[in-house]
Amino acid sequence: MLRIKWVLLFFLFPLLIVSQSKTPFVSYDYESDADYVKALKSLKNQPQQQSTAIVKSIADLSYAYKDWDTAIEYYERLLLEASQAENYFKVAVAAARKSLEVSRFFSVPYVVKARKCALKAHELQPKRVVFLNLLIQLYAEIPSFLGGDIDFAEKKANELTSFDSLEGAMMQAYVFEVKNNFDTSKSKYAEVFGSLKEKFPDSEQWENALRRDMIFDLGRVSALYQIEPDMGIVFLDHYLKSFDFKDNYPLEWAYYYCSKIYLYKKDFKKAKASIEKALEINPNFEEGLEILNTVKLE
(Lines give C-alpha, C1' and ligand atoms only; values in the text may rest on other atoms or scores of the structure.)
Protein backbone atom coordinates (compact mmCIF):
# COMPACT_ATOMS: atom_id res chain seq x y z
CA MET A 1 0.00 0.00 0.00
CA LEU A 2 2.81 2.41 0.88
CA ARG A 3 4.51 1.74 -2.45
CA ILE A 4 1.26 2.41 -4.34
CA LYS A 5 0.84 5.69 -2.44
CA TRP A 6 4.35 6.83 -3.41
CA VAL A 7 3.73 5.98 -7.06
CA LEU A 8 0.50 8.00 -7.02
CA LEU A 9 2.21 10.93 -5.36
CA PHE A 10 4.98 10.82 -7.92
CA PHE A 11 2.61 11.21 -10.83
CA LEU A 12 0.68 13.97 -9.08
CA PHE A 13 3.72 16.18 -8.46
CA PRO A 14 5.60 17.82 -11.33
CA LEU A 15 9.38 17.57 -11.11
CA LEU A 16 10.48 21.10 -11.90
CA ILE A 17 14.14 20.80 -10.95
CA VAL A 18 15.68 24.27 -11.02
CA SER A 19 12.96 25.43 -13.37
CA GLN A 20 13.49 29.19 -12.89
CA SER A 21 9.76 29.87 -13.31
CA LYS A 22 9.26 27.63 -16.32
CA THR A 23 12.29 28.92 -18.19
CA PRO A 24 13.76 25.75 -19.70
CA PHE A 25 17.41 24.88 -19.85
CA VAL A 26 19.36 24.79 -23.08
CA SER A 27 19.67 21.29 -24.48
CA TYR A 28 22.51 20.35 -26.78
CA ASP A 29 22.69 17.66 -29.44
CA TYR A 30 26.17 16.54 -28.49
CA GLU A 31 25.86 13.32 -30.50
CA SER A 32 25.74 15.38 -33.70
CA ASP A 33 28.75 17.50 -32.76
CA ALA A 34 31.61 15.93 -34.70
CA ASP A 35 34.26 17.79 -32.71
CA TYR A 36 32.90 16.51 -29.42
CA VAL A 37 32.47 12.94 -30.64
CA LYS A 38 36.01 12.93 -32.00
CA ALA A 39 37.53 14.43 -28.85
CA LEU A 40 35.65 12.04 -26.58
CA LYS A 41 36.68 9.02 -28.65
CA SER A 42 40.30 10.16 -28.64
CA LEU A 43 40.33 10.51 -24.86
CA LYS A 44 38.70 7.13 -24.33
CA ASN A 45 41.28 5.50 -26.63
CA GLN A 46 44.26 6.89 -24.74
CA PRO A 47 46.61 4.14 -23.46
CA GLN A 48 46.37 5.65 -19.99
CA GLN A 49 42.61 6.14 -20.22
CA GLN A 50 42.11 4.95 -16.63
CA SER A 51 44.45 7.63 -15.25
CA THR A 52 42.98 10.39 -13.10
CA ALA A 53 43.98 13.07 -15.60
CA ILE A 54 42.20 11.36 -18.50
CA VAL A 55 39.12 10.56 -16.42
CA LYS A 56 38.90 14.21 -15.39
CA SER A 57 39.35 15.37 -18.98
CA ILE A 58 36.48 13.14 -20.11
CA ALA A 59 34.30 14.31 -17.21
CA ASP A 60 34.97 17.99 -17.91
CA LEU A 61 34.52 17.62 -21.67
CA SER A 62 31.21 15.78 -21.42
CA TYR A 63 29.94 18.26 -18.83
CA ALA A 64 30.75 21.21 -21.10
CA TYR A 65 28.88 19.59 -24.00
CA LYS A 66 25.89 18.65 -21.79
CA ASP A 67 26.42 14.90 -22.21
CA TRP A 68 25.06 14.32 -18.74
CA ASP A 69 25.25 10.53 -18.46
CA THR A 70 28.92 10.48 -19.43
CA ALA A 71 29.64 13.36 -17.07
CA ILE A 72 27.95 11.56 -14.18
CA GLU A 73 29.87 8.34 -14.88
CA TYR A 74 33.28 9.97 -15.01
CA TYR A 75 32.83 12.42 -12.12
CA GLU A 76 31.70 9.47 -10.01
CA ARG A 77 34.89 7.66 -11.00
CA LEU A 78 36.83 10.63 -9.66
CA LEU A 79 34.84 10.46 -6.43
CA LEU A 80 35.98 6.87 -5.94
CA GLU A 81 39.53 8.22 -5.69
CA ALA A 82 38.88 11.34 -3.61
CA SER A 83 35.82 12.92 -2.01
CA GLN A 84 36.04 16.37 -3.60
CA ALA A 85 33.25 18.92 -3.30
CA GLU A 86 33.59 20.14 -6.90
CA ASN A 87 33.00 16.65 -8.28
CA TYR A 88 29.94 16.10 -6.08
CA PHE A 89 28.62 19.42 -7.36
CA LYS A 90 29.19 18.45 -10.99
CA VAL A 91 27.40 15.13 -10.47
CA ALA A 92 24.50 17.00 -8.85
CA VAL A 93 24.18 19.45 -11.75
CA ALA A 94 24.47 16.71 -14.38
CA ALA A 95 21.91 14.52 -12.62
CA ALA A 96 19.45 17.41 -12.15
CA ARG A 97 19.74 18.38 -15.80
CA LYS A 98 19.42 14.77 -16.96
CA SER A 99 16.25 14.38 -14.86
CA LEU A 100 14.62 16.98 -17.12
CA GLU A 101 15.56 15.16 -20.31
CA VAL A 102 13.92 11.82 -19.49
CA SER A 103 10.38 10.78 -18.66
CA ARG A 104 9.13 11.45 -15.16
CA PHE A 105 9.29 7.75 -14.31
CA PHE A 106 12.99 7.48 -15.22
CA SER A 107 13.88 10.81 -13.62
CA VAL A 108 13.58 9.57 -10.02
CA PRO A 109 17.12 8.16 -9.58
CA TYR A 110 18.61 11.28 -11.15
CA VAL A 111 16.59 13.54 -8.83
CA VAL A 112 17.67 11.61 -5.74
CA LYS A 113 21.30 11.57 -6.88
CA ALA A 114 21.23 15.31 -7.54
CA ARG A 115 19.89 16.11 -4.07
CA LYS A 116 22.32 13.85 -2.23
CA CYS A 117 25.37 15.05 -4.17
CA ALA A 118 24.45 18.71 -3.78
CA LEU A 119 24.12 18.18 -0.03
CA LYS A 120 27.51 16.44 0.11
CA ALA A 121 29.20 19.23 -1.87
CA HIS A 122 27.73 21.79 0.52
CA GLU A 123 28.84 19.81 3.58
CA LEU A 124 32.40 19.75 2.27
CA GLN A 125 32.43 23.45 1.35
CA PRO A 126 29.59 25.10 3.29
CA LYS A 127 30.36 28.66 2.13
CA ARG A 128 30.73 27.96 -1.59
CA VAL A 129 27.92 30.06 -3.06
CA VAL A 130 27.19 28.04 -6.20
CA PHE A 131 26.98 24.84 -4.16
CA LEU A 132 24.53 26.42 -1.73
CA ASN A 133 22.45 27.93 -4.53
CA LEU A 134 22.00 24.54 -6.15
CA LEU A 135 21.17 22.92 -2.83
CA ILE A 136 18.50 25.54 -2.13
CA GLN A 137 16.95 25.14 -5.57
CA LEU A 138 16.83 21.37 -5.36
CA TYR A 139 15.36 21.23 -1.85
CA ALA A 140 12.83 23.92 -2.77
CA GLU A 141 11.53 22.17 -5.87
CA ILE A 142 11.92 18.44 -5.29
CA PRO A 143 8.74 16.86 -3.83
CA SER A 144 9.04 15.99 -0.15
CA PHE A 145 8.64 12.25 -0.77
CA LEU A 146 11.87 12.39 -2.78
CA GLY A 147 13.72 14.34 -0.08
CA GLY A 148 12.75 17.92 -0.85
CA ASP A 149 12.12 20.31 2.02
CA ILE A 150 11.05 23.90 1.38
CA ASP A 151 11.71 24.86 5.01
CA PHE A 152 15.27 23.56 4.75
CA ALA A 153 15.69 25.52 1.51
CA GLU A 154 14.49 28.70 3.23
CA LYS A 155 16.84 28.09 6.16
CA LYS A 156 19.80 27.70 3.79
CA ALA A 157 18.81 30.84 1.85
CA ASN A 158 18.84 32.78 5.14
CA GLU A 159 22.20 31.22 5.97
CA LEU A 160 23.59 32.34 2.62
CA THR A 161 22.78 35.98 3.42
CA SER A 162 25.20 35.85 6.37
CA PHE A 163 28.23 35.72 4.07
CA ASP A 164 26.88 36.92 0.71
CA SER A 165 24.02 39.37 1.08
CA LEU A 166 23.36 39.73 -2.66
CA GLU A 167 23.25 36.02 -3.48
CA GLY A 168 21.34 35.39 -0.27
CA ALA A 169 18.66 37.93 -1.12
CA MET A 170 18.31 36.40 -4.60
CA MET A 171 17.77 32.96 -3.12
CA GLN A 172 15.37 34.23 -0.46
CA ALA A 173 13.30 35.84 -3.22
CA TYR A 174 13.48 32.61 -5.22
CA VAL A 175 12.19 30.52 -2.28
CA PHE A 176 9.26 32.89 -1.80
CA GLU A 177 8.60 32.57 -5.54
CA VAL A 178 8.49 28.77 -5.29
CA LYS A 179 6.07 29.16 -2.36
CA ASN A 180 3.86 31.37 -4.58
CA ASN A 181 4.37 34.29 -2.20
CA PHE A 182 4.89 36.69 -5.08
CA ASP A 183 4.47 39.96 -3.17
CA THR A 184 7.30 39.10 -0.78
CA SER A 185 9.33 37.68 -3.63
CA LYS A 186 8.97 40.93 -5.60
CA SER A 187 9.96 42.96 -2.56
CA LYS A 188 13.10 40.87 -2.09
CA TYR A 189 14.03 41.10 -5.77
CA ALA A 190 13.56 44.88 -5.59
CA GLU A 191 16.09 44.91 -2.73
CA VAL A 192 18.54 43.07 -4.98
CA PHE A 193 18.16 45.63 -7.77
CA GLY A 194 18.60 48.45 -5.27
CA SER A 195 21.78 46.87 -3.92
CA LEU A 196 23.13 46.43 -7.44
CA LYS A 197 22.54 50.09 -8.27
CA GLU A 198 24.50 51.10 -5.18
CA LYS A 199 27.31 48.61 -5.69
CA PHE A 200 27.68 48.99 -9.46
CA PRO A 201 26.73 52.52 -10.55
CA ASP A 202 28.49 51.83 -13.86
CA SER A 203 26.83 48.92 -15.68
CA GLU A 204 30.15 47.63 -17.00
CA GLN A 205 31.35 46.97 -13.46
CA TRP A 206 28.99 44.05 -12.87
CA GLU A 207 29.79 42.14 -16.06
CA ASN A 208 32.61 40.14 -14.47
CA ALA A 209 31.23 40.29 -10.94
CA LEU A 210 27.93 38.46 -11.47
CA ARG A 211 27.35 34.86 -12.46
CA ARG A 212 25.98 34.25 -15.96
CA ASP A 213 22.89 32.57 -14.56
CA MET A 214 22.28 35.49 -12.23
CA ILE A 215 22.57 37.97 -15.11
CA PHE A 216 19.90 36.07 -17.03
CA ASP A 217 17.71 35.66 -13.97
CA LEU A 218 17.84 39.36 -13.16
CA GLY A 219 16.51 40.00 -16.66
CA ARG A 220 13.78 37.42 -16.12
CA VAL A 221 12.84 38.98 -12.80
CA SER A 222 12.73 42.45 -14.33
CA ALA A 223 10.38 41.19 -17.04
CA LEU A 224 8.03 39.18 -14.85
CA TYR A 225 7.86 41.52 -11.85
CA GLN A 226 8.18 44.82 -13.76
CA ILE A 227 11.18 45.92 -11.72
CA GLU A 228 13.84 48.32 -13.07
CA PRO A 229 13.09 47.74 -16.76
CA ASP A 230 16.16 49.62 -18.00
CA MET A 231 18.43 47.45 -15.87
CA GLY A 232 16.59 44.35 -17.05
CA ILE A 233 17.26 45.21 -20.68
CA VAL A 234 20.95 45.81 -19.94
CA PHE A 235 21.24 42.38 -18.27
CA LEU A 236 19.46 40.57 -21.09
CA ASP A 237 21.38 42.41 -23.83
CA HIS A 238 24.63 41.39 -22.17
CA TYR A 239 23.48 37.78 -22.01
CA LEU A 240 22.41 37.81 -25.66
CA LYS A 241 25.60 39.41 -26.97
CA SER A 242 27.91 37.04 -25.10
CA PHE A 243 25.85 33.85 -25.44
CA ASP A 244 27.54 30.56 -26.28
CA PHE A 245 26.53 26.90 -26.17
CA LYS A 246 27.81 26.50 -22.61
CA ASP A 247 25.15 28.86 -21.29
CA ASN A 248 22.18 27.38 -19.45
CA TYR A 249 19.19 29.34 -20.75
CA PRO A 250 17.97 29.54 -24.36
CA LEU A 251 18.40 32.62 -26.50
CA GLU A 252 14.73 32.74 -27.45
CA TRP A 253 13.79 33.11 -23.79
CA ALA A 254 16.17 36.02 -23.36
CA TYR A 255 14.51 37.71 -26.35
CA TYR A 256 11.10 36.83 -24.92
CA TYR A 257 11.88 38.54 -21.62
CA CYS A 258 13.24 41.55 -23.51
CA SER A 259 9.94 41.73 -25.36
CA LYS A 260 7.97 41.67 -22.12
CA ILE A 261 10.06 44.50 -20.70
CA TYR A 262 9.57 46.57 -23.86
CA LEU A 263 5.83 45.93 -23.64
CA TYR A 264 5.87 47.24 -20.08
CA LYS A 265 7.76 50.30 -21.33
CA LYS A 266 5.21 50.63 -24.17
CA ASP A 267 7.98 50.44 -26.75
CA PHE A 268 5.98 48.22 -29.10
CA LYS A 269 8.43 48.43 -31.98
CA LYS A 270 11.26 46.94 -29.92
CA ALA A 271 8.89 44.46 -28.30
CA LYS A 272 7.91 43.17 -31.72
CA ALA A 273 11.52 43.05 -32.94
CA SER A 274 12.56 41.05 -29.87
CA ILE A 275 9.78 38.49 -30.14
CA GLU A 276 10.39 38.08 -33.86
CA LYS A 277 14.04 37.26 -33.11
CA ALA A 278 12.86 34.68 -30.59
CA LEU A 279 10.63 33.09 -33.21
CA GLU A 280 13.42 33.07 -35.79
CA ILE A 281 15.36 30.85 -33.39
CA ASN A 282 12.36 28.71 -32.44
CA PRO A 283 9.31 29.08 -34.73
CA ASN A 284 7.28 26.85 -32.38
CA PHE A 285 8.02 28.96 -29.31
CA GLU A 286 4.57 29.00 -27.69
CA GLU A 287 5.15 31.94 -25.36
CA GLY A 288 6.45 34.04 -28.24
CA LEU A 289 3.52 33.13 -30.47
CA GLU A 290 1.14 34.03 -27.66
CA ILE A 291 2.56 37.54 -27.50
CA LEU A 292 2.16 37.98 -31.26
CA ASN A 293 -1.39 36.62 -31.18
CA THR A 294 -2.68 38.51 -28.16
CA VAL A 295 -0.83 41.84 -28.07
CA LYS A 296 -0.94 44.55 -30.70
CA LEU A 297 2.71 45.35 -31.44
CA GLU A 298 2.34 47.85 -34.24
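The values are calculated or read from the model by the stated rules, or taken from the named source; none is laboratory data. Every value quoted in this text rests on a predicted model; they were computed, and no experiment measured them. Ideal geometry is used to build each Cβ from the backbone, glycine not excepted, and the neighbour counts take in all protein chains shown.
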Identity of the residue in region 245-257, charged (D, E, K, R) and within 22 Å of Asp67 (Cβ to Cβ), that ends up nearest to the chain's Cα centre (by Cα): Asp247
If Lys188 satisfies every condition in (1) surrounded by 16 or more Cβ atoms within 10 Å (Cβ to Cβ); (2) over 24 Å from Phe152 (Cβ atoms) but one, which is the exception? (2)
What number of residues within region 77-111 are in contact (Cβ under 8 Å) with a residue 24 or more places away in the chain, of a type in the set (Val, Ile, Thr) and out of contact with any Leu (no Cβ under 6 Å at 6 or more places or on another chain)? 3
Search region 199-228 for residues that are touching a residue at least 12 places away in the same chain (Cβ under 8 Å) and pair each with any residue that is in a loop (DSSP other than H, G, I, E, B) and of a type outside the set (Asp, Glu) when their beta-carbon atoms are under 6 Å apart and the residues are at least 6 apart or on different chains. Asp213/Asn248; Phe216/Tyr249
In region 218-234, what count of residues is obtained for those that are closer than 17 Å to Asp202 by Cβ and assigned to a loop (DSSP other than H, G, I, E, B)? 1
Does at least one position in region 258-272 carry a residue that is buried (at least 21 other Cβ atoms within 10 Å of the Cβ), under 22 Å from Tyr174 (Cα atoms) and under 19 Å from the mean Cα position of the chain (by Cα)? yes
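Which residues, taken from region 32-48, are in a helix (DSSP H, G or I) and over 16 Å from Asp60 (Cα atoms)? Walk me through it before giving the result.
The first filter runs over region 32-48 and keeps only residues in a helix (DSSP H, G or I), leaving 32, 34-44.
Answer for region 32-48, where residues must be in a helix (DSSP H, G or I) and over 16 Å from Asp60 (Cα atoms): Ser32, Ala34.
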Which residue out of Lys113, Lys90 is surrounded by 23 or more Cβ atoms within 10 Å (Cβ to Cβ) and of a type in the set (D, E, K, R)? Lys90
Hits in region 239-281 (condition: closer than 24 Å to Ala96 by Cα and either among the aliphatic types (A, V, I, L, M) or at pLDDT 90 or above (or both)): Tyr239, Phe243, Asp247, Asn248, Tyr249, Pro250, Leu251, Glu252, Trp253, Ala254
Among the listed residues Ala157, Ala118, identify the single one that is in a helix (DSSP H, G or I), under 22 Å from Ile215 (Cα atoms) and of a type in the set (Gly, Ala, Ser). Ala157
